[in-house]
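Working notes, beginning with the structure itself.
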Amino acid sequence: MNDLQRSIVELKREKDAIILGHNYQRKEVQEISDFLGDSYGLSVQASRTAAKIIVFCGVDFMAESAKILNPEKVVLHPNLRARCPMAAMVDAASLKELKAQHPGAPVVSYVNTSAEVKAESDICCTSANAVKIVQSLPDKKIIFVPDTNLGLYVQRFVKDKEMVFWPGYCPTHVNITRENLERLKEEHPEAEVLVHPECTPDVIDVADHAYSTEGILRHVQTSSKKEFIIGTEENMIHRLSKEAPGKIFYAVPNATCPSMREIALEDVRDSLVKMQYRIELPDDIIIRARVPLERMIRAGRQE
Ligand code: SF4
(Lines give C-alpha, C1' and ligand atoms only; values in the text may rest on other atoms or scores of the structure.)
Protein backbone atom coordinates (compact mmCIF):
# COMPACT_ATOMS: atom_id res chain seq x y z
CA MET A 1 0.00 0.00 0.00
CA ASN A 2 1.19 3.53 -0.69
CA ASP A 3 0.92 6.48 1.74
CA LEU A 4 -2.36 7.69 0.28
CA GLN A 5 -3.92 4.24 0.57
CA ARG A 6 -2.73 3.99 4.19
CA SER A 7 -4.23 7.38 5.05
CA ILE A 8 -7.58 6.28 3.55
CA VAL A 9 -7.55 3.10 5.63
CA GLU A 10 -6.88 5.23 8.74
CA LEU A 11 -9.71 7.65 7.85
CA LYS A 12 -12.05 4.71 7.39
CA ARG A 13 -11.28 3.48 10.89
CA GLU A 14 -11.66 6.92 12.49
CA LYS A 15 -15.02 7.55 10.85
CA ASP A 16 -16.50 4.05 11.10
CA ALA A 17 -16.80 3.86 7.34
CA ILE A 18 -16.83 0.96 4.95
CA ILE A 19 -15.68 1.10 1.32
CA LEU A 20 -17.62 -0.95 -1.20
CA GLY A 21 -15.81 -1.29 -4.53
CA HIS A 22 -17.12 -2.62 -7.80
CA ASN A 23 -15.07 -5.18 -9.70
CA TYR A 24 -14.50 -2.60 -12.48
CA GLN A 25 -12.81 -0.04 -10.22
CA ARG A 26 -9.18 0.93 -10.69
CA LYS A 27 -6.69 -1.49 -9.15
CA GLU A 28 -5.57 0.96 -6.44
CA VAL A 29 -9.20 1.59 -5.41
CA GLN A 30 -9.90 -2.15 -5.34
CA GLU A 31 -6.97 -2.51 -2.95
CA ILE A 32 -8.52 -0.24 -0.27
CA SER A 33 -12.06 -1.63 -0.60
CA ASP A 34 -13.51 -3.65 2.29
CA PHE A 35 -15.70 -5.57 -0.13
CA LEU A 36 -15.32 -6.06 -3.84
CA GLY A 37 -18.12 -7.42 -5.93
CA ASP A 38 -20.69 -7.10 -8.64
CA SER A 39 -23.89 -5.09 -8.31
CA TYR A 40 -25.68 -7.97 -6.61
CA GLY A 41 -22.93 -8.74 -4.09
CA LEU A 42 -22.45 -5.08 -3.21
CA SER A 43 -26.21 -4.56 -2.75
CA VAL A 44 -26.19 -7.45 -0.28
CA GLN A 45 -23.17 -6.01 1.55
CA ALA A 46 -24.86 -2.59 1.63
CA SER A 47 -27.96 -4.16 3.18
CA ARG A 48 -25.91 -5.87 5.91
CA THR A 49 -23.23 -3.43 6.99
CA ALA A 50 -23.11 -2.09 10.54
CA ALA A 51 -20.78 0.78 9.59
CA LYS A 52 -22.15 4.33 9.93
CA ILE A 53 -20.82 5.53 6.60
CA ILE A 54 -20.76 3.75 3.24
CA VAL A 55 -18.31 5.04 0.64
CA PHE A 56 -19.45 3.61 -2.66
CA CYS A 57 -16.75 3.25 -5.30
CA GLY A 58 -18.86 2.48 -8.32
CA VAL A 59 -21.27 4.38 -10.53
CA ASP A 60 -24.24 6.55 -9.51
CA PHE A 61 -27.01 3.93 -9.46
CA MET A 62 -24.96 1.68 -7.16
CA ALA A 63 -24.49 4.44 -4.57
CA GLU A 64 -28.21 5.21 -4.83
CA SER A 65 -29.06 1.56 -4.23
CA ALA A 66 -26.88 1.57 -1.11
CA LYS A 67 -28.80 4.63 0.14
CA ILE A 68 -32.17 3.04 -0.65
CA LEU A 69 -31.17 -0.01 1.41
CA ASN A 70 -29.68 2.13 4.22
CA PRO A 71 -31.70 5.35 4.39
CA GLU A 72 -30.47 6.09 7.92
CA LYS A 73 -26.79 5.89 6.94
CA VAL A 74 -24.52 8.38 5.25
CA VAL A 75 -23.73 7.13 1.73
CA LEU A 76 -20.90 8.91 -0.06
CA HIS A 77 -20.17 8.78 -3.78
CA PRO A 78 -16.58 10.03 -4.21
CA ASN A 79 -16.91 11.42 -7.75
CA LEU A 80 -20.20 12.55 -9.26
CA ARG A 81 -18.85 12.13 -12.79
CA ALA A 82 -18.99 8.35 -12.26
CA ARG A 83 -22.39 7.94 -13.91
CA CYS A 84 -23.54 4.88 -15.83
CA PRO A 85 -24.63 5.83 -19.36
CA MET A 86 -26.89 2.79 -19.60
CA ALA A 87 -28.81 3.78 -16.46
CA ALA A 88 -29.34 7.23 -18.00
CA MET A 89 -31.04 5.67 -21.04
CA VAL A 90 -34.37 5.19 -19.25
CA ASP A 91 -36.33 7.64 -17.09
CA ALA A 92 -39.42 7.21 -14.94
CA ALA A 93 -41.78 9.20 -17.22
CA SER A 94 -40.91 7.10 -20.30
CA LEU A 95 -41.22 3.91 -18.29
CA LYS A 96 -44.70 4.96 -17.13
CA GLU A 97 -45.69 5.41 -20.80
CA LEU A 98 -44.39 1.94 -21.62
CA LYS A 99 -46.31 0.47 -18.67
CA ALA A 100 -49.48 2.13 -19.94
CA GLN A 101 -48.98 0.39 -23.32
CA HIS A 102 -48.70 -3.02 -21.60
CA PRO A 103 -51.17 -2.93 -18.72
CA GLY A 104 -50.60 -5.61 -16.09
CA ALA A 105 -47.13 -6.60 -17.29
CA PRO A 106 -44.65 -6.48 -14.39
CA VAL A 107 -41.50 -4.41 -14.77
CA VAL A 108 -38.17 -6.11 -14.16
CA SER A 109 -35.53 -3.43 -13.95
CA TYR A 110 -31.85 -4.14 -14.10
CA VAL A 111 -30.17 -2.51 -11.09
CA ASN A 112 -28.50 -0.23 -13.63
CA THR A 113 -31.38 2.23 -13.29
CA SER A 114 -32.07 5.41 -11.33
CA ALA A 115 -33.95 5.34 -8.01
CA GLU A 116 -36.97 6.89 -9.79
CA VAL A 117 -37.06 4.06 -12.33
CA LYS A 118 -36.74 1.48 -9.56
CA ALA A 119 -39.69 3.15 -7.82
CA GLU A 120 -41.75 2.33 -10.95
CA SER A 121 -40.55 -1.30 -11.04
CA ASP A 122 -41.89 -4.54 -9.59
CA ILE A 123 -38.58 -6.29 -9.06
CA CYS A 124 -34.92 -5.57 -9.80
CA CYS A 125 -32.34 -7.97 -11.13
CA THR A 126 -28.62 -8.07 -11.79
CA SER A 127 -26.75 -10.07 -14.39
CA ALA A 128 -26.18 -12.66 -11.61
CA ASN A 129 -29.87 -13.44 -11.23
CA ALA A 130 -31.79 -12.00 -14.21
CA VAL A 131 -32.82 -15.40 -15.58
CA LYS A 132 -33.93 -16.65 -12.17
CA ILE A 133 -35.92 -13.48 -11.47
CA VAL A 134 -37.78 -13.54 -14.80
CA GLN A 135 -38.44 -17.29 -14.46
CA SER A 136 -39.87 -16.71 -10.98
CA LEU A 137 -42.63 -14.43 -12.26
CA PRO A 138 -45.92 -16.14 -13.17
CA ASP A 139 -46.77 -13.52 -15.82
CA LYS A 140 -46.56 -14.32 -19.52
CA LYS A 141 -45.55 -10.80 -20.51
CA ILE A 142 -42.62 -9.00 -18.83
CA ILE A 143 -41.31 -5.46 -19.34
CA PHE A 144 -37.52 -5.57 -19.05
CA VAL A 145 -35.49 -2.34 -18.78
CA PRO A 146 -33.06 -0.93 -19.77
CA ASP A 147 -30.54 -3.42 -21.24
CA THR A 148 -31.81 -5.10 -24.40
CA ASN A 149 -28.75 -7.36 -24.59
CA LEU A 150 -29.23 -8.71 -21.08
CA GLY A 151 -32.93 -9.08 -21.89
CA LEU A 152 -32.14 -11.06 -25.05
CA TYR A 153 -29.82 -13.28 -23.02
CA VAL A 154 -32.62 -13.94 -20.51
CA GLN A 155 -35.05 -14.66 -23.34
CA ARG A 156 -32.90 -17.67 -24.34
CA PHE A 157 -33.98 -19.34 -21.07
CA VAL A 158 -37.61 -18.19 -20.93
CA LYS A 159 -38.99 -18.96 -24.36
CA ASP A 160 -42.54 -19.16 -23.00
CA LYS A 161 -42.61 -15.47 -22.05
CA GLU A 162 -43.08 -12.37 -24.16
CA MET A 163 -40.44 -9.86 -23.14
CA VAL A 164 -40.86 -6.18 -23.93
CA PHE A 165 -37.44 -4.52 -24.18
CA TRP A 166 -36.14 -0.99 -23.84
CA PRO A 167 -33.50 0.16 -26.34
CA GLY A 168 -30.75 0.52 -23.73
CA TYR A 169 -27.27 -0.96 -23.86
CA CYS A 170 -23.88 -0.81 -22.17
CA PRO A 171 -21.44 1.15 -24.38
CA THR A 172 -18.51 -0.76 -22.85
CA HIS A 173 -19.85 -4.25 -23.50
CA VAL A 174 -21.06 -3.49 -27.03
CA ASN A 175 -17.44 -2.57 -27.77
CA ILE A 176 -16.56 -6.23 -27.30
CA THR A 177 -16.83 -7.56 -30.82
CA ARG A 178 -17.08 -11.07 -32.19
CA GLU A 179 -14.11 -10.33 -34.49
CA ASN A 180 -11.88 -9.39 -31.55
CA LEU A 181 -12.96 -12.46 -29.59
CA GLU A 182 -12.33 -14.75 -32.55
CA ARG A 183 -8.89 -13.26 -33.10
CA LEU A 184 -8.02 -13.89 -29.44
CA LYS A 185 -9.35 -17.44 -29.71
CA GLU A 186 -7.05 -18.07 -32.66
CA GLU A 187 -4.07 -16.69 -30.74
CA HIS A 188 -4.93 -18.65 -27.57
CA PRO A 189 -6.71 -21.84 -28.69
CA GLU A 190 -6.52 -23.40 -25.21
CA ALA A 191 -8.29 -20.48 -23.54
CA GLU A 192 -11.88 -20.61 -22.37
CA VAL A 193 -13.99 -17.62 -23.42
CA LEU A 194 -16.04 -16.00 -20.64
CA VAL A 195 -18.21 -12.99 -21.40
CA HIS A 196 -20.72 -10.82 -19.58
CA PRO A 197 -24.44 -11.06 -20.52
CA GLU A 198 -24.41 -7.33 -21.40
CA CYS A 199 -22.48 -8.35 -24.54
CA THR A 200 -24.34 -8.56 -27.84
CA PRO A 201 -25.95 -11.93 -28.79
CA ASP A 202 -23.38 -12.67 -31.55
CA VAL A 203 -20.58 -12.34 -28.96
CA ILE A 204 -22.39 -14.57 -26.45
CA ASP A 205 -22.84 -17.15 -29.23
CA VAL A 206 -19.08 -17.62 -29.64
CA ALA A 207 -18.31 -17.62 -25.90
CA ASP A 208 -18.06 -20.74 -23.76
CA HIS A 209 -20.04 -19.12 -20.94
CA ALA A 210 -21.81 -15.86 -20.08
CA TYR A 211 -21.62 -14.89 -16.40
CA SER A 212 -21.79 -11.88 -14.09
CA THR A 213 -18.39 -10.74 -12.87
CA GLU A 214 -18.75 -12.80 -9.68
CA GLY A 215 -19.78 -15.77 -11.81
CA ILE A 216 -16.65 -15.30 -13.92
CA LEU A 217 -14.51 -15.25 -10.77
CA ARG A 218 -16.07 -18.42 -9.39
CA HIS A 219 -15.73 -20.16 -12.74
CA VAL A 220 -12.02 -19.42 -13.17
CA GLN A 221 -11.34 -20.50 -9.57
CA THR A 222 -12.93 -23.88 -10.11
CA SER A 223 -12.18 -24.58 -13.79
CA SER A 224 -9.46 -27.04 -14.71
CA LYS A 225 -8.47 -24.69 -17.57
CA LYS A 226 -5.48 -22.41 -17.16
CA GLU A 227 -6.14 -19.66 -19.72
CA PHE A 228 -9.19 -17.45 -20.11
CA ILE A 229 -10.31 -14.73 -22.52
CA ILE A 230 -12.30 -12.25 -20.43
CA GLY A 231 -15.11 -10.42 -22.22
CA THR A 232 -15.98 -7.76 -19.67
CA GLU A 233 -14.52 -4.53 -18.34
CA GLU A 234 -10.76 -4.91 -18.35
CA ASN A 235 -10.24 -3.91 -14.69
CA MET A 236 -11.91 -7.17 -13.70
CA ILE A 237 -8.62 -8.85 -14.55
CA HIS A 238 -6.94 -7.28 -11.45
CA ARG A 239 -9.32 -9.15 -9.17
CA LEU A 240 -9.14 -12.36 -11.20
CA SER A 241 -5.33 -12.36 -11.11
CA LYS A 242 -5.34 -11.84 -7.35
CA GLU A 243 -8.02 -14.37 -6.45
CA ALA A 244 -7.18 -17.01 -9.04
CA PRO A 245 -3.36 -17.05 -8.92
CA GLY A 246 -1.57 -19.13 -11.51
CA LYS A 247 -4.25 -18.61 -14.16
CA ILE A 248 -3.68 -16.53 -17.28
CA PHE A 249 -6.15 -13.90 -18.49
CA TYR A 250 -6.46 -12.13 -21.84
CA ALA A 251 -8.43 -8.87 -22.04
CA VAL A 252 -10.56 -8.07 -25.07
CA PRO A 253 -9.50 -4.75 -26.70
CA ASN A 254 -11.52 -1.57 -25.99
CA ALA A 255 -13.47 -3.02 -23.06
CA THR A 256 -13.05 -0.09 -20.72
CA CYS A 257 -15.74 1.83 -18.86
CA PRO A 258 -14.69 5.49 -18.51
CA SER A 259 -17.36 6.07 -15.85
CA MET A 260 -16.00 3.34 -13.59
CA ARG A 261 -12.50 4.80 -13.93
CA GLU A 262 -13.53 8.27 -12.77
CA ILE A 263 -12.97 7.45 -9.10
CA ALA A 264 -9.35 8.02 -8.07
CA LEU A 265 -7.77 7.46 -4.65
CA GLU A 266 -7.72 11.24 -4.09
CA ASP A 267 -11.52 11.30 -4.56
CA VAL A 268 -11.94 8.57 -1.96
CA ARG A 269 -9.73 10.44 0.52
CA ASP A 270 -11.57 13.76 -0.10
CA SER A 271 -14.86 11.98 0.21
CA LEU A 272 -14.00 10.84 3.75
CA VAL A 273 -12.34 14.13 4.78
CA LYS A 274 -15.10 16.41 3.47
CA MET A 275 -17.97 13.91 3.75
CA GLN A 276 -18.80 14.36 0.08
CA TYR A 277 -20.83 13.69 -2.02
CA ARG A 278 -23.77 12.60 0.08
CA ILE A 279 -26.50 10.69 -1.70
CA GLU A 280 -29.87 12.22 -0.84
CA LEU A 281 -33.15 10.89 -2.20
CA PRO A 282 -36.78 11.84 -1.49
CA ASP A 283 -38.40 9.65 1.17
CA ASP A 284 -41.22 8.48 -1.09
CA ILE A 285 -38.72 7.35 -3.75
CA ILE A 286 -36.69 5.46 -1.15
CA ILE A 287 -39.79 3.70 0.17
CA ARG A 288 -40.99 2.69 -3.32
CA ALA A 289 -37.56 1.82 -4.78
CA ARG A 290 -36.71 -0.35 -1.78
CA VAL A 291 -39.50 -2.84 -2.55
CA PRO A 292 -38.09 -4.15 -5.90
CA LEU A 293 -34.52 -4.10 -4.56
CA GLU A 294 -35.40 -6.14 -1.48
CA ARG A 295 -37.43 -8.57 -3.58
CA MET A 296 -34.32 -9.12 -5.69
CA ILE A 297 -32.09 -9.68 -2.66
CA ARG A 298 -34.58 -12.20 -1.23
CA ALA A 299 -34.58 -14.06 -4.56
CA GLY A 300 -30.76 -14.44 -4.38
CA ARG A 301 -28.22 -15.36 -7.00
CA GLN A 302 -28.56 -18.04 -9.61
CA GLU A 303 -24.92 -18.77 -10.42
S1 SF4 B 1 -19.70 -1.10 -17.67
FE2 SF4 B 1 -21.57 -0.48 -18.76
S3 SF4 B 1 -23.23 -0.89 -17.37
FE4 SF4 B 1 -21.34 -0.91 -16.16
S5 SF4 B 1 -21.15 1.19 -15.40
FE6 SF4 B 1 -20.00 1.10 -17.32
S7 SF4 B 1 -21.50 1.73 -18.87
FE8 SF4 B 1 -22.67 1.24 -17.03
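The values are calculated or read from the model by the stated rules, or taken from the named source; none is laboratory data. No experiment lies behind these values; they were computed from the predicted model shown. For neighbour counting, all protein chains shown are included, and Cβ atoms are generated from backbone atoms with ideal geometry for every residue, glycine included. SASA here: full protein model, heavy atoms, side chains in, ligands and nucleic acids out. Shrake-Rupley method; radii C 1.70, N 1.55, O 1.52, S 1.80 Å.
Identify the residue in the stretch 159-180 that is away from the ligand (no atom under 13 Å from the Cβ) and within 22 Å of the chain's Cα centre (by Cα) and, among all such residues, is most open to solvent (accessible area, probe 1.4 Å).
Per the stated criteria, the residue is Pro167.
For Val164, state whether it is more than 27 Å from Glu233 (Cβ to Cβ), in the same structural domain as Met275 (by TED's automatic domain parsing) and in contact with a strand residue (DSSP E or B) (Cβ under 6 Å, 6 or more places away or on another chain). Give the derivation first.
On the way: more than 27 Å from Glu233 (Cβ to Cβ): yes; in the same structural domain as Met275 (by TED's automatic domain parsing): no; in contact with a strand residue (DSSP E or B) (Cβ under 6 Å, 6 or more places away or on another chain): yes.
So Val164 does not fit the description; no.
Could you list all residues from the stretch 42-64 that are within 16 Å of the ligand (Cβ to nearest atom), open to solvent by less than 10 Å² (accessible area, probe 1.4 Å) and in contact with a Lys or Arg (Cβ under 8 Å, 6 or more places away or on another chain)?
Val59
Which of the residues that make up the stretch 244-257 are closer than 24 Å to Met1 by Cα and out of contact with any strand residue (DSSP E or B) (no Cβ under 9 Å at 6 or more places or on another chain)?
Pro245, Gly246
Looking for whichever is on the phi < 0 side of the Ramachandran plot, modelled with pLDDT under 95 and in a loop (DSSP other than H, G, I, E, B) here; the options are Ala128, Ala105. Which one fits? Quick ask: steps written out before the conclusion?
Values: Ala105 fails: modelled with pLDDT under 95.
Answer to the selection: Ala128.
Name the single residue, out of those in the stretch 207-259 being open to solvent by less than 20 Å² (accessible area, probe 1.4 Å), assigned to a strand (DSSP E or B) and more than 16 Å from the ligand (Cβ to nearest atom), that is farthest from Pro197 (Cα to Cα).
Phe228
Scan the stretch 131-149 for residues that are in a strand (DSSP E or B) and either under 15 Å from Glu294 (Cα atoms) or β-branched (Val, Ile, Thr) (or both) and jot them down.
Matches in the stretch 131-149: Ile142, Ile143, Val145.
Please go through the stretch 65-82 and give me each residue that is buried (at least 24 other Cβ atoms within 10 Å of the Cβ), touching a strand residue (DSSP E or B) at 6+ places or on another chain (Cβ under 7 Å) and not in a helix (DSSP H, G or I), ordered by number.
Val75, Leu76, His77, Pro78
Looking at Glu179, Glu214 in this structure, which one is at pLDDT below 95 and more than 26 Å from Ile285 (Cβ to Cβ)?
Residue meeting the stated conditions: Glu214.
Does Glu14 satisfy the criteria of being free of Cβ contacts under 8 Å to residues at least 40 places away in the same chain, away from the ligand (no atom under 15 Å from the Cβ) and not assigned by TED's automatic domain parsing to the domain that holds Thr126?
In short, yes.
If a residue must be farther than 18 Å from Val74 by Cα and not in a loop (DSSP other than H, G, I, E, B), how many such residues does the stretch 262-283 contain?
If we filter the stretch 262-283 for residues that are farther than 18 Å from Val74 by Cα, which is where we start, we get 262-266.
Now restrict to residues that are not in a loop (DSSP other than H, G, I, E, B): 262, 265-266.
Residues that pass the stated criteria total 3.
Taking only the stretch 233-263 into account, find how many residues are more than 19 Å from the chain's Cα centre (by Cα) and closer than 21 Å to Ile8 by Cβ.
Number of matching residues: 1.
As an exercise: evaluate Ile297 against (1) part of a helix (DSSP H, G or I); (2) more than 16 Å from the ligand (Cβ to nearest atom); (3) at pLDDT 95 or above and give the number of the one condition it does not meet.
(3)
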